[in-house]
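Notes to accompany the following structure.
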Amino acid sequence: MKWIRVTRIQNIPLRQGRVVSFGSLEVAIFNLGGVFRAVESRCPHKQGPLADGMVAGDDIICPLHNWRISLDSGFVKQPADHTESCVKTYPCRTEGGIVMVAIPEEALKEAAA
């Protein structure tokens, strides 16, 4: 994993998400009030755009079919019969007012190719 500078913290409004691409890898980054979370940008159900969803606590609700996904673990919380489904999560931190995300080296190599 490599830490990548993504954007200034003010560019991701409170309780909203933004998508960042690294080659074919799309990551949705959410501002939970000074704490940032990053997950795969697509819902495991029907590939809904998670960055367009509604933040509810530490979860994101997919805008297509209301699947509720934990931004901490990536696991689906609702519907209850799909709790084995999940999205990948990526470590996030802020440094000097910049949001940073740890991205797998393979994705960065692909993006450079």
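The values are calculated or read from the model by the stated rules, or taken from the named source; none is laboratory data. All values reported here derive from a predicted model rather than from experimental measurement. Every residue, glycine as well, gets a Cβ built from its backbone with ideal geometry; the counts of neighbours run over all protein chains shown. These area figures cover heavy atoms from the full protein model, side chains too; ligands, DNA and RNA do not enter into them. Shrake-Rupley method; radii C 1.70, N 1.55, O 1.52, S 1.80 Å.
Structure summary
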| item | result |
| --- | --- |
| Reachable lysines from K2, criterion Cα separation under 21 angstrom, eight or more residues apart if same chain | K88, K109 |
| Percent carbon-and-sulfur accessible area, the chain, ignoring ligands, DNA and RNA, probe 1.4 Å | 49 percent |
| Centroid-to-centroid separation of region 16-33 and region 73-112 [C-alpha atoms, Å] | 9 Å |
| Qualifying trypsin sites (Lys or Arg not before Pro) for region 25-97 [loop in DSSP, other Cβ within 10 Å: at most 14] | K46, K88 |
| Rough spin-label spacing in nm, given labels placed 7 Å along Cα→Cβ, for K2 and R15 | 3.7 nm |
| √(5λ) per eigenvalue of the Cα gyration tensor, the chain, largest first, Å | 22, 17, 11 |
